[in-house]
Amino acid sequence: TKNQIEYIDSLSSIASAFSSFAKLPGNNPGEVNLLDQIRTTLELFKNTGNITFEVHWPLESKVIIYADKEHLNGVFSNLIKNGIQSIPPGRGGLIKVDLDIQSDKVVVSISDNGTGVPEDLWKKLFTPNFTTKSSGMGLGLSIAKKYIENANGRIWFESEADKGSVFFVELPLMYPVEKLG
């Protein structure tokens, strides 16, 4: 009976995840300082054992984009969490977050020193219900892609076996960036 209850709970969880995916939370965009959003997301992971975070961005005080703040939190949390989970046991983890201003766009890159994504899986990575993990619903990256596209951006990645992956998120800037004085 215990096993059947666990199985039913598991099926219920899967059904809920697909239901959530089918009706993603509404898009509620506004002006967002991307630097603040990334700082907030990094705070969630700062005490993750055996992981070092390196953050590099230019001397801007504000990088304003037009996007849904909650969606951005979800995207960056998912990318950082995936990076952490890709690091094999016994390896000191390194997650790098870089921000680069390119004319009227900003590109955020999140890299890890994990196992990388096997090349035969590259085309499937942003597909709903596809996962390389033993747990999870395989919806994180497909939802992230939808959220970034809602903000008129794009997301892509590069990966190298046993060296790690880099995920890139490109978003349009609302205004020229403000440099720190």
Task: Å² of accessible area per residue within segment 29-89, as computed with a 1.4 Å probe and no ligands counted - done: 49 Å²
TODO: Could you please state, rounded to a whole Å, how far the C-alpha centre of segment 25-44 is from the C-alpha centre of segment 84-114?
DONE: 17 Å
Open item on the list: What figure, in Å² to the nearest 10, do you get for the accessible area of Ile65 with a 1.4 Å probe and non-protein molecules left out?
Closed with: 0 Å²
Open item on the list: Rounded to the nearest 10 Å², what accessible area does Thr1 have for a 1.4 Å probe in the complete protein model?
Closed with: 130 Å²
- [ ] Scan around Met174 for amide H atoms under 5 Å from its own, H built in the peptide plane at 1.01 Å from N, and keep only partners 5 or more places away or cross-chain.
- [x] Ile64, Ile65, Tyr66
Task: Probe 1.4 Å, all protein chains present, accessible-area order of Phe53, Phe76, largest first - done: Phe53, Phe76
- [ ] Kindly flag which residue pairs out of Lys46/Lys163; Lys105/Lys163; Lys2/Lys46; Lys2/Lys69; Lys2/Lys96 have an alpha-carbon separation exceeding 32 Å in this structure.
- [x] Lys2/Lys46; Lys2/Lys69; Lys2/Lys96
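The values are calculated or read from the model by the stated rules, or taken from the named source; none is laboratory data. If you're wondering where the values come from, they're calculated on a predicted model, not measured in any experiment. Ligands, DNA and RNA are stripped out before the accessible areas are found, and what is left, the full protein with its side chains, is counted by its heavy atoms. Shrake-Rupley method; radii C 1.70, N 1.55, O 1.52, S 1.80 Å.
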